[in-house]
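Enquirer: Sharing a structure here in structure tokens format.
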Amino acid sequence: MSQPPLVINLSNSGTEKFDERNDILQRDALKRLDALIVEQVNGISKKSEDSYAKVEDTSLSYKRIHNAMLIQGGRGSGKTTFLLNALHRLDSPKRFDKLKEKDIAEVAEQLHVLPMIDPTLIETKENIIIVILSMIEAAVAKVSDESGQMEKARQSLAEGLGLLDGIGPEKAYGTEWEDPSWVMSRGLHKAKKGRSFELKFGVYLETALSLFDNKKAFVIAFDDVDTNFDHGHTILETIRKYLTSPR
């Protein structure tokens, strides 16, 4: 019995099945990334008592979650391409095959993707927190905030923000620290604001996301962290110290 001829159409590479040509080589890695994202987003608590706004100043501890993922590889291995492909997919859920990628498609609808940050393009004196805040502010500027929730969240951040390196005066406290009455009033209040900055930042994120429909978390991506390691080290420290909200 004769076999039908096998025809290989060299003009049809099959790349049209994917959004990006590089997805072919990075398909397995994208699947692993999808699984991690689904697990993290589905793990965000919907309970109001788990909000950072509920944490008291006297609380002994609170949840600190580092939902950071490292993409590593040799020079020219396609890390930036992979990262951009992943961000574009999350930013456009319609790209997913709803039958085969139902879980990540549903989760992507709940994410707000922020522009990718390249540490080599950040000015030396610019604190990475300010860069992140500016991107979030640009995002919420497009939605309505009739109740003024964001302004309250901004005010709560303000004093603690001034104590971060690279923001405000070089020294956190001036000669006024020698005045006993100032120490016991404004001084201790200022120190408290600095200590609680991480919590206030968590509240700020929750407030910003509440302005959107069905958004549970922001996606922040950093490219080439090791290229300019002065900034790279600052970014890693920022992730460790402040980007501890599941959102």
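Enquirer: Can you give me the long-range amide H partners of VAL219? Hydrogens built in the peptide plane at 1.01 Å from N, cutoff under 5 Å, separation of 5 or more residues or another chain.
Expert: HIS112, VAL113, LEU114
Enquirer: By accessible area of protein heavy atoms, probe 1.4 Å, what ranking do LEU30, LEU36 get, highest first?
Expert: My answer, sorted largest first, is LEU36, LEU30.
Enquirer: Calculate, for region 66-161, the solvent-accessible area per residue in square angstrom, rolling a 1.4 angstrom probe over the heavy atoms of the protein chains. Spell out each step's value before the answer.
Expert: Working: 5780 Å² over 96 residues.
That works out to 60 Å² for each residue.
Enquirer: Sticking with this one: Please compute the length gained on full extension between GLU109 and HIS66, using 0.36 nm multiplied by the number of residues separating them and subtracting their Cα-Cα distance.
Expert: Difference between extended and current length: 13.3 nm.
Enquirer: May I ask you to rank ARG32, ARG27 by accessible area, largest first, using a 1.4 Å probe over the protein chains only?
Expert: ARG32, ARG27
Enquirer: What pairs from LYS63/LYS94; LYS79/LYS142; LYS100/LYS142; LYS47/LYS152; LYS46/LYS152; LYS142/LYS216 go past 24 Å between their alpha carbons?
Expert: Check vs 24 Å cut-off fails for LYS63/LYS94; LYS79/LYS142; LYS100/LYS142.
Enquirer: Counting only protein heavy atoms and using a 1.4 Å probe, what share of the accessible area of region 20-80 belongs to carbon plus sulfur, as a whole percent?
Expert: 48
The values are calculated or read from the model by the stated rules, or taken from the named source; none is laboratory data. Quick caveat, the model's predicted, so the values are computed rather than measured. Protein only, heavy atoms only, side chains kept; ligands, DNA and RNA dropped before computing areas. Shrake-Rupley method; radii C 1.70, N 1.55, O 1.52, S 1.80 Å.
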